[in-house]
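Just below is one structure, and these are the notes that go with it.
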Amino acid sequence: MTGTYLGMPAFPAFPEAAGEAVRDEVLRANLRHATHTIRDKRARAVAELEDWDRLRAAGKAIKDHTLRHLDCYLLQLEESVTAAGGTVHWAADADEANRIVTDLVRATGEREVVKVKSMATQEIGLNEALEAAGIAAYETDLAELIVQLGHDRPSHILVPAIHRNRGEIRDIFRSEMGSWGRPAPEGLGDDPRELAEAARLHLREKFLRAEVAVSGANFMVAETGTMVVFESEGNGRMCLTLPETLISVVGIEKVVPTFRDLEVFLQTLPRSSTAERMNPYTTMWTGTAAGDGPSAFHLVLLDNGRTDTLADETGRQALRCIRCSACLNVCPVYERAGGHAYGSVYPGPIGAILSPQLRGTGSEIDATLPYASTLCGACYEVCPVAIDIPEVLVHLRERVAQGGPVTREGIRVTLRPAHGHTAERAAMRAARLLLDRPGALRAGERLLARARRLAPRRLPGPGRAWTDTRALPAIPAESFRDWWTRERGTSQ
Amino acid sequence: MSSKDRILARIRRAASGPDSAVPRDYLRVHGARTPAESADLLAANLAEYRAKVHRTDEDGIALLLMRLLAERGSQTVLVPPALPPHWLAAADPVRIHDRAASTPAELDAVESVVTGCALAIAETGTIVLDAGPDQGRRRITLIPDHHICVVRVPEQLVDSVPQALERLDPTRPLTWISGPSATSDIELDRVEGVHGPRTLEVILLGAQ
Ligand code: SF4
């Protein structure tokens, strides 16, 4: 088994990576400020819609229905895109997707591409693959630019440079912009306005000459072949409309049946994501349009572990995710550990359930991710498509600890249980990380009744490894923290 | 076996269980408004995104456009093919037409653009362009730093996102614009204008 590549090579297990992040005071301050600001704004934006719960239920149902008939909707999508002048490619894994994109770029004769932020292309490590083929890929989202110039990795879905403050960004611009194109202006200060202007000038020269662009998409409409990209800065519009060739790499789970279905997500995604009634720009295009925008459009449909995730009845709900990042901003573990600790392009609660499913739980990082949570349930509460993240976490912990049937690359296999001590070590270290620093956890921490129902005889969470060998007194009404204190005899 | 067949076969093995009917009991519109109230809401929501909102009627639009372009100091203005000619009758700037052969770099030298729209959405403060003849190619509302968009009210104004989708044609390229280009990527401080126009002015035409 080769394992699905998620854009990042072997990383330390979550507890180690998180431990490091927690000791970084600047990082923690940046994260705290950012997540609290967005989460408060989001709550206000959502409260404005009295039918929020109904929109959320509709969003969930649209996604579930689509996943149930994914084969039909993908075929319909292919037909509509083709009829509208586009070309559809199918990629079973990261290597194949990278090969397809590289060949398409080569065929244009160009040596550089501009990119609008796309998690799918990060997931498959497209920039690295293009670089290996002698093609430069320029990220054009301001935050992605900061990350790329800083030789860094994104740490948040929506604000990838959330871990950087303005002084750090100024330093990166000053020292790095020159080697990628137009240098930063003399005497660049750290005012966000100045920094944004520097990015505007640096990138504009790239936009104006770009012949090839690479994007992802937030939604694809099967019925019409319409692709949808939400953004704020206009870099998306630049990439999607100025170049001659547009290549979009999109996960197969992003399809929705009808144009009308967008009415749900156009209301829930911006409010959940940036806490706005609507994001500044949304671009929708259908194949190619005569004289307006790219004359060649290629859509690469990406599996890369998604069909395996679909095969897991509990875990498949992760495929409903619309990448709004609301779950990151409410997660007490994310707030302390930062996005990098999750060791994949998908950080936070969604990363903790998505990465181990896309990649399997073979590596140490993936085996520990399901423990990177307090199961407080806040992520489920905010999720606009009602993904029960705690339920999936408990399910994946069970898989790590006990083994069982899983699907890898379309084949049903039986996982062996992790060695007792591996699961135990993972659980212990995750628990230590969370419990050593109780401040941020106190408010939200509770074990959900839901989680208890799922594992009535065993403790969900880091306690599981021990409860396999100990009798657990009746279903605990207490929190994990209380249980831990009692069982381990440590005090806070 | 091609990857397409392989992926479809995997899906067919994996997708199981009950189907879910999609509940459509969410609201078509949030609240009841008179056309005037809808226009006010659009104006308020646009202003919250730091777009500048003006109101005038057919008699006043030429003077208003002249004033807005003069205040901006624009010497050149991009004009879509079917912009009503009288709108710019009083304005001084040189009209630039977007031709197929115009390069993005040429358009980058133009200071302002004036367009109509397909519709506007009051509840979200959004204008939608569908590349119609009074709007032009997508690039002309993207490259210049100043975009003036004219919305005819009440005809082009809807209250909600569901009402907007009903009226749009997905086969046309669609651009939804809610305020000027903005970023919050640096410490979440909102900065207007990174790549798209930094100034968006919306004229509500007919709403006196
Ligand atoms: S899991 Fe839900 S809350 Fe988290 S990013 Fe995805 S859609 Fe948003």
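The values are calculated or read from the model by the stated rules, or taken from the named source; none is laboratory data. Computed from a prediction, not measured in an experiment: that's the story for all the values here. As a convention, Cβ positions derive from the backbone with ideal geometry for all residues, glycine included, and neighbour counts pool all protein chains shown. The area values use the complete protein model at the heavy-atom level, side chains included, leaving out ligands, DNA and RNA. Shrake-Rupley method; radii C 1.70, N 1.55, O 1.52, S 1.80 Å.
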Inter-probe distance in nm under a simple model that places probes 7 Å from Cα toward Cβ, at B:Thr34 and B:Asp92: 4.1 nm
Karplus-derived HN-Hα couplings along the stretch B:96-104 (A = 6.51, B = -1.76, C = 1.60, θ = phi - 60°), whole Hz, x at Gly and Pro: 10, 9, 7, 9, 4, 7, 4, 8, x
Mean Kyte hydropathy of 1.0 or more with a Cα span along the axis of at least 15 Å, helices from DSSP in chain B: B:61-72
Convex hull projection area averaged over all views, the stretch A:179-293, Cα basis, nm²: 9.0 nm²
All-pairs alpha carbon distance profile, the protein assembly as shown, 10 Å steps from 0, percent: 3, 15, 25, 27, 18, 8, 3, 1, 0
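List the pairs from A:Lys41/A:Lys206; A:Lys60/A:Lys206; A:Lys41/A:Lys115; A:Lys41/A:Lys63; A:Lys63/B:Lys52; A:Lys206/A:Lys254 whose alpha-carbon separation is above 31 Å, in the order I gave them.
Working: A:Lys41/A:Lys206 34 Å; A:Lys60/A:Lys206 39 Å; A:Lys41/A:Lys115 29 Å; A:Lys41/A:Lys63 26 Å; A:Lys63/B:Lys52 38 Å; A:Lys206/A:Lys254 29 Å.
Beyond 31 Å between Cα atoms: A:Lys41/A:Lys206; A:Lys60/A:Lys206; A:Lys63/B:Lys52.
Filter the chymotrypsin sites (Phe, Trp or Tyr not before Pro) in the stretch A:262-312 down to the DSSP loop ones having no more than 10 other Cβ atoms within 10 Å, then list what survives. It would help to have the intermediate numbers written out before the result.
Numbers: sites: A:Phe265, A:Tyr281, A:Trp285, A:Phe297; in loops: none.
In loop regions of the stretch A:262-312 (DSSP not H, G, I, E or B), there are no sparsely surrounded chymotrypsin sites (Phe, Trp or Tyr not before Pro).
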Point-to-point label distance, B:Ser2-B:Asp25, nm (Cα→Cβ direction, 7 Å offset): 4.4 nm
For the stretch B:28-132: span of alpha carbons on each principal axis (Å, largest first): 46, 28, 24
Interface size B-A, as summed buried accessible area [1.4 Å probe, Å², nearest 100]: 7300 Å²
Euclidean distance of C-alpha centroids, the stretch B:145-175 and the stretch A:308-341, integer Å: 34 Å
Radius of gyration and maximum dimension Dmax of the stretch A:71-230, Cα, Å: 17.5, 57
Globularity ratio of the stretch B:91-132, using Cα Rg and 2.2 N^0.38 Å: 1.50
Under Karplus coefficients 6.51, -1.76 and 1.60, residue-wise ³J(HN,Hα) of the stretch B:114-127 in Hz, glycine/proline x: 10, 9, x, 8, 7, 6, 9, 10, 5, 4, 10, x, 10, 10
Simple Cβ-charge dipole of the stretch B:1-147, Lys/Arg +1 and Asp/Glu -1, about Cα centre, in debye nearest 20: 980 debye
Hull volume in cubic angstrom per residue (convex hull over the Cα atoms of the stretch A:30-130): 185 Å³
Accessible area in the full protein assembly, largest first, 1.4 Å probe, for A:Cys239, A:Cys72: A:Cys72, A:Cys239
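Ordering A:Glu78, A:Glu244 by accessible area with a probe of 1.4 Å, largest first, what comes out? Walk me through the numbers on the way to the answer.
Values: A:Glu78 35, A:Glu244 85 Å².
Most to least solvent-accessible, the answer reads A:Glu244, A:Glu78.
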Proximal aspartates and glutamates relative to B:Lys4, as straight alpha-carbon distance under 12 Å, when same-chain residues fewer than 8 apart are discounted: A:Asp71, A:Glu78, A:Asp93, A:Glu96, A:Asp303
